[in-house]
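Colleague: So that we are looking at the same thing, I have put the structure below in structure tokens.
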Amino acid sequence: MGPVTLAAGSTRGRAAELGIIRAEAERGPSEKATEAQRAKGKLTARERIGLLLDEGSFHELEPLRRHRATGFGLEARRPYTDGVITGWGTVHGRTVFVYAHDFRIFGGALGEAHATKIHKIMDMAISAGAPLVSLNDGAGARIQEGVSALAGYGGIFQRNTRASGVIPQISVMLGPCAGGAAYSPALTDFVFMVRETSQMFITGPDVVQAVTGEEITQNGLGGADVHAEVSGVAHFAYDDEQTCLEEVRYLLSLLPRNNRENPPSVDSEDPADRRSEALLDLVPADGNRSYDMHGVIEEIVDEEEYLEVHERWATNIICALARLGGQVVGIVANQPASMAGVLDIEASEKAARFVQMCDAFNIPIVTLLDVPGFLPGVAQEHGGIIRHGAKLLYAYCNATVPRISVILRKAYGGAYIVMDSQSIGADLTYAWPTNEIAVMGAEGAANVIFRRQIAEADDPQAMRARMVKEYKAELMHPYYAAERGLVDDVIDPTETREVLVSALAMLRTKHADLPSRKHGNPPQ
């Protein structure tokens, strides 16, 4: 594939030649390659960009770039774009930078020219202060170009890290991503995957079988469901590319362009003072009864609409983006319907990363507490629940965005402190009259404090029941924390939305400085 030669003795002729070359670059390698892409149930790179960006807004960069490598037949194959399409456009009218691997060209494999194009668009996104979306569908490093291709990945990783917390970075997995290539998505803020057609792994099934003897398919090893449910690598998983890219657009509508801006606000038709009588029935006063925290979130947020992050991983905690009074907020909430809402290793990691993301991009954090504690067990202790739980504690303590906590029911022990209690810097802490703030549950506390009296009693069970009742009356009544200034107010559950909207409006101009330092050393 080479440049078209015309009798171009005039500017008009040269312009015509340019048009032919551009058409060739946009068309891609061949109809056969396009058919092969569709046979796999996948769209082309340009079709994907068209779905992601506002219609007609895409401006391509370096469409005529070609590699300069020789050997292994590469000198005879020099297609335009070199297998990656880069440029910028708009999503809901705001600038977004994008690069998309074209699997039809060298299987989307990364070579030197390919990598240089990606480096350039990443640098432009950082300089312009606009989000970067990568549409990944590549076979890894271009083997024929050797170490030059590997160096290209290093440049991408370095820029991913430099952009972290500066601009939103979103990785959309629409095909294979193996080996070192998988580390770029892992460094970004959000990872989207499509079932059946996208996979991520460091070593593929063949290598796994050769080394360990384990037999597994590509989807079984690194498919969308595996990473959405088991590993936690993927934040979102969808059945088709169209839905996936539409949800990427929705996510972008909730994020600022960069860390110097606030998220976009909208005029909400949902009244700020809307009462919710349903909350009185959604949350049982009996701490032993379960309920679905999703129902509470729906009642509080604008139009019952929110975007849950990591919906299927670590389901004992909910992380979601939503709007309250038209303003974007991040919601962290225990989920009593899953493992009673306890904190464990995975829940701590999930919530910590979400809190860090919200803080980086000026998104206020609302925490809904109903937590009975950390999950006990040998596996959790040996797995490092101390250091993993400390990640969530560090993230909250380090966050300078507005932080509001609402204690719905249980708030026991260290888990209560970790979940953005007033003592670690929450700006405002509210409690429902069903709150149970304590070092531990009444039964456990009574067994410790009144062990001797219970053991020596003629009727130990009756004595235990009496001591439990006494402990609740003295230390666990709903107003104990409020009387000591540990919560700012006890509120009617039906007024939760109004209280939150008002508090967020007051905190909108919050300014907090961290100590001067190069960076912290968070627990790993």
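The values are calculated or read from the model by the stated rules, or taken from the named source; none is laboratory data. The shown structure was predicted, so the numbers you read here are calculated from the model rather than taken from an experiment. Here Cβ is always computed from backbone atoms with ideal geometry, including for glycine, and neighbour counts include all displayed protein chains. What goes into the accessible areas is simple: the full protein's heavy atoms, side chains included, and nothing from ligands, DNA or RNA. Shrake-Rupley method; radii C 1.70, N 1.55, O 1.52, S 1.80 Å.
Colleague: Can you find, within the stretch 309-325, the residue that is farthest from the chain's Cα centre (by Cα) among those that are among the small types (Gly, Ala, Ser) and farther than 13 Å from Gly232 by Cβ?
Modeller: Just the residues of the stretch 309-325 that are among the small types (Gly, Ala, Ser), to begin with: 314, 320, 322, 325.
Narrowing the set further to residues that are farther than 13 Å from Gly232 by Cβ leaves 320, 322, 325.
On the way: Ala320: 9, Ala322: 13, Gly325: 23 Å.
Per the criteria, the residue is Gly325.
Colleague: Another one. What number of residues within the stretch 162-203 satisfy the criterion of being open to solvent by less than 30 Å² (accessible area, probe 1.4 Å), farther than 19 Å from Asp359 by Cα and part of a loop (DSSP other than H, G, I, E, B)?
Modeller: Adding up the residues that qualify gives 4.
Colleague: Separate question: I'd like to verify a number: residues in the stretch 398-410 that are crowded, with 22+ Cβ neighbours inside 10 Å, in contact (Cβ under 8 Å) with a residue 40 or more places away in the chain and not in a loop (DSSP other than H, G, I, E, B), how many? Outline the logic, then answer.
Modeller: First, pick out the residues of the stretch 398-410 that are crowded, with 22+ Cβ neighbours inside 10 Å: 399, 402-410.
Add one more test, that the residue is in contact (Cβ under 8 Å) with a residue 40 or more places away in the chain, and what stays is 399, 402, 404, 406-410.
The next check asks that each one be not in a loop (DSSP other than H, G, I, E, B); those that pass are 404, 406-410.
Total meeting the criteria: 6.
Colleague: Something else about it: So in the stretch 422-432, with the set limited to residues that are closer than 26 Å to Ala337 by Cβ and touching a residue at least 60 places away in the same chain (Cβ under 8 Å), which one is surrounded by the most Cβ atoms within 10 Å (Cβ to Cβ)?
Modeller: By that ranking, first place goes to Ala431.
Colleague: Hey, another quick one. Can you tell me which residue among Ile363, Ile317, Ile331 is touching a residue at least 24 places away in the same chain (Cβ under 8 Å), over 22 Å from Leu282 (Cα atoms), open to solvent by less than 10 Å² (accessible area, probe 1.4 Å) and touching a strand residue (DSSP E or B) at 6+ places or on another chain (Cβ under 9 Å)? Don't jump to the end; show me each part of the working.
Modeller: Working: Ile317 fails: over 22 Å from Leu282 (Cα atoms); Ile331 fails: over 22 Å from Leu282 (Cα atoms).
Every option except Ile363 fails the conditions.
Colleague: Are there strands (runs of 3 or more DSSP E) fully within the stretch 19-116 with at least 1 residues that are within 27 Å of Asp239 (Cα to Cα) and at pLDDT 95 or above? List them. Lay out the reasoning, then the answer.
Modeller: Working: elements: 59-61, 84-91, 94-101.
Output list reads 84-91, 94-101.
Colleague: I need the full set of residues from the stretch 424-450 which are over 30 Å from Leu504 (Cβ atoms) and in a helix (DSSP H, G or I), in order please. Lay out the reasoning, then the answer.
Modeller: Of all residues in the stretch 424-450, those over 30 Å from Leu504 (Cβ atoms) come to 439-450.
Passing the criteria: Ala442, Glu443, Gly444, Ala445, Ala446, Asn447, Val448, Ile449.
Colleague: Kindly provide the set of residues from the stretch 491-520 that are buried (at least 17 other Cβ atoms within 10 Å of the Cβ) and within 19 Å of Ser423 (Cβ to Cβ), ordered by number.
Modeller: Listed by number, the list holds a single entry, Ala503.
Colleague: Turning to a different aspect of this structure: For a quick check of your reading: which helices (runs of 4 or more DSSP H) sit entirely within the stretch 204-279 and have at least 3 residues that are open to solvent by 50 Å² or more (accessible area, probe 1.4 Å)?
Modeller: Numbers: elements: 205-212, 218-222, 241-253.
Per the criteria, 205-212, 241-253.
Colleague: Additional query: Filtering the stretch 334-349 down to residues that are out of contact with any helix residue (DSSP H, G or I) (no Cβ under 7 Å at 6 or more places or on another chain) and open to solvent by less than 10 Å² (accessible area, probe 1.4 Å), which residue is nearest to Leu251 (Cα to Cα)?
Modeller: Ala347
Colleague: Suppose we keep only residues that are over 47 Å from the mean Cα position of the chain (by Cα) and not charged (D, E, K, R) within the stretch 453-475. Which one would you say is farthest from Met440 (Cα to Cα)?
Modeller: Ala457
Colleague: Another question about this same structure. Could you say which residue among Ala395, Ala455 is open to solvent by 10 Å² or more (accessible area, probe 1.4 Å) and either under 23 Å from Ser338 (Cβ atoms) or out of contact with any Lys or Arg (no Cβ under 8 Å at 6 or more places or on another chain) (or both)? Walk me through it before giving the result.
Modeller: On the way: Ala395 fails: open to solvent by 10 Å² or more (accessible area, probe 1.4 Å).
Going through Ala395, Ala455 in turn, just one is open to solvent by 10 Å² or more (accessible area, probe 1.4 Å) and either under 23 Å from Ser338 (Cβ atoms) or out of contact with any Lys or Arg (no Cβ under 8 Å at 6 or more places or on another chain) (or both): Ala455.
Colleague: Here is a further query. Please specify each residue of the stretch 110-161 satisfying the condition of being open to solvent by less than 40 Å² (accessible area, probe 1.4 Å) and polar (S, T, N, Q).
Modeller: Ser134, Asn136, Asn160
Colleague: Please list, ordered by first then second residue, the pairs with beta carbon atoms under 6 Å, 6 or more apart or interchain, first in the stretch 203-220 and over 16 Å from Gly179 (Cα atoms), second in a helix (DSSP H, G or I) and open to solvent by less than 90 Å² (accessible area, probe 1.4 Å).
Modeller: Filtered contacts from the stretch 203-220: Glu214/Val208; Glu215/Gln209; Ile216/Pro205.
Colleague: Additional query: Would you check which residues across the stretch 437-449 are buried (at least 19 other Cβ atoms within 10 Å of the Cβ) and free of Cβ contacts under 8 Å to residues at least 60 places away in the same chain and list them? Explain how you work it out, then say what you get.
Modeller: The first filter runs over the stretch 437-449 and keeps only residues buried (at least 19 other Cβ atoms within 10 Å of the Cβ), leaving 437-438, 441-442, 445-446.
Ile437, Ala438, Ala442, Ala445, Ala446, listed by residue number.
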